[in-house]
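Inspection log for the structure reproduced underneath, given as C-alpha cells.
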Amino acid sequence: MCRLQKSYRLGRDIFGVTFLAPEIAIRANPGQFVMINYPALYGFMLPRPFSVGKADPVSGEITLIVKVIGRGTEILVHSDPGSKWGILGPLGKGFPDLYPDSLLVAGGMGVVPILFLAGSSRKPCRMIFGARTASELFSLPHELTRSGLTIIETTEDGTRGIKGTTVDIMKQLIPEVGSIYACGPRDMLAAVDKIALQAGVKGWLALEELMACGVGACLGCVVATGEGYKRVCQDGPVFEVGEVVFDDCSRS
Ligand code: FES
C-alpha cells in the first residue's frame, strides 16, 4: 500500500497528488502509468489509470496530476494525507530518451507524461501546451518544470497564450524539429502523426485510452496498428509515429 503524501490544487478542477511509492519511483519511466485501486469502502470495482508526472527515486515519491471528472477522482484528490492506497505500476511502455531538437506537444491532461519526459532530461527543449480555453490550461507545478524547458501556451479561443491549437503551432515549428513527443486527445495525436510523417520527422505518441485492467487481460483498450490490434496498456501507451492507424476522419 502507498501512502498519500499531499494533494494540492493546480486549477479549477485539477490537483497534484503525491504518493510515497518507492518501488514505483525507482522504476517508472516517462509515459508509463499506474493503476490505483480504491479502498473497498468506496465500492469501486475497477482500478483507475493515471499517468505519472514525476518519479523521484531519492524521496521515493511519485506525483500524479488528477482532473476531477467524477466521484472517484473527487474522493482521491480530497483524501487525507496518510491514507493508504493500492497502486499497481509502473505499467506500459514509455517514451525513449529525448533527442536533441525535440518538440514536445501536450494537449490538456496529456501534459502529465510530457512533463515527466521533459523533467527526465537536461537537454533544452520546447513544449507546446494547449487547451480549448484558459480554465483548462492549469498552472504547471514548479516541481514538475525545469530550466531549459520553454513552454509555449496556446488556447483555441485565445483566452491565454497564443490563439490556436497545438497543431497550428507545431506546423510552424516542424521545419526546425528533430523529433516529436506528444500526448493528448486522439484527434490531436492523429494530426501530429500525419504532420510528422509528411515532414519525415521521427516521433512518439502516448495514447490516452479508457482502461479496465491495465495489464493486458481485458482487451478493452485495443487500437488498430499496421501490425494488427495492439493493447494500449501493454504494447503502449507510447507508440511510434506511423504505427497507429487513426480513423480517416481524424486525419483530415
Ligand atoms: Fe485491459 Fe488494456 S486495459 S487489456
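Only one of (1) closer than 22 Å to Leu98 by Cβ; (2) at pLDDT below 95; (3) in a loop (DSSP other than H, G, I, E, B) fails for Ile65. Which number is that?
Checking Ile65 against (1) closer than 22 Å to Leu98 by Cβ; (2) at pLDDT below 95; (3) in a loop (DSSP other than H, G, I, E, B), the one that fails is (3).
So which residues in the range 115-136 are over 21 Å from Leu205 (Cβ atoms) and part of a loop (DSSP other than H, G, I, E, B)? If you could, list the steps in order and put the result at the bottom.
Taking the range 115-136 as the starting set, the residues that turn out to be over 21 Å from Leu205 (Cβ atoms) are 122, 124, 133-135.
Residues satisfying the conditions are Arg122, Pro124, Thr133.
Would you please name the residue that is surrounded by the most Cβ atoms within 10 Å (Cβ to Cβ), looking only at residues in the range 194-214 that are within 16 Å of the ligand (Cβ to nearest atom) and closer than 21 Å to Pro96 by Cα? It would help to see each step written out before you state the result.
Step one: list which residues in the range 194-214 are within 16 Å of the ligand (Cβ to nearest atom), which gives 206-214.
Within this subset, residues satisfying the condition of being closer than 21 Å to Pro96 by Cα are 206-209, 214.
On the way: Ala206: 29, Leu207: 21, Glu208: 21, Glu209: 15, Gly214: 25.
Per the criteria, the residue is Ala206.
Only one residue in Ser120, Ser102, Ser147 is open to solvent by 10 Å² or more (accessible area, probe 1.4 Å) and more than 15 Å from Gly53 (Cβ to Cβ), so which one is that? Write out each step before concluding.
Details: Ser120 fails: more than 15 Å from Gly53 (Cβ to Cβ); Ser102 fails: open to solvent by 10 Å² or more (accessible area, probe 1.4 Å).
The conditions single out Ser147.
When you go through (1) surrounded by 20 or more Cβ atoms within 10 Å (Cβ to Cβ); (2) within 14 Å of the ligand (Cβ to nearest atom) one by one for Ala191, which number turns out not to apply?
For Ala191, the exception is condition (2).
Which is open to solvent by 20 Å² or more (accessible area, probe 1.4 Å) and more than 23 Å from Glu153 (Cα to Cα), of Leu88, Leu76?
So the residue among Leu88, Leu76 that is open to solvent by 20 Å² or more (accessible area, probe 1.4 Å) and more than 23 Å from Glu153 (Cα to Cα) is Leu88.
Of the residues that sit in the range 215-230 and are free of Cβ contacts under 8 Å to residues at least 12 places away in the same chain and among the small types (Gly, Ala, Ser), which one is farthest from the ligand (Cβ to nearest atom)?
Per the stated criteria, the residue is Gly228.
Which of the following residues is closer than 26 Å to Ala217 by Cα and at pLDDT below 95: Tyr8, Tyr38, Tyr99?
Answer to the check: Tyr38.
Taking the range 11-38 as the search range and keeping residues that are open to solvent by 30 Å² or more (accessible area, probe 1.4 Å) and touching a Gly at 6+ places or on another chain (Cβ under 7 Å), which one is farthest from Val66 (Cα to Cα)? Please lay out each step first, then the result.
From the range 11-38, those open to solvent by 30 Å² or more (accessible area, probe 1.4 Å) are 12-13, 20, 22-23, 26-27, 29, 37; that's our starting set.
Adding the requirement that they be touching a Gly at 6+ places or on another chain (Cβ under 7 Å) leaves 20, 22, 29, 37.
Details: Leu20: 16, Pro22: 20, Asn29: 18, Asn37: 15 Å.
If we take residues in the range 11-38 being open to solvent by 30 Å² or more (accessible area, probe 1.4 Å) and touching a Gly at 6+ places or on another chain (Cβ under 7 Å), then Pro22 is farthest from Val66 (Cα to Cα).
The values are calculated or read from the model by the stated rules, or taken from the named source; none is laboratory data. Only a predicted model underlies this, so the values are computations on that prediction, with no experimental measurement involved. All Cβ positions, even for glycine, are placed from backbone atoms using ideal geometry, and neighbour counts span all protein chains on display. Just the protein is used for accessible areas: all its heavy atoms, side chains included, with ligands, DNA and RNA removed. Shrake-Rupley method; radii C 1.70, N 1.55, O 1.52, S 1.80 Å.
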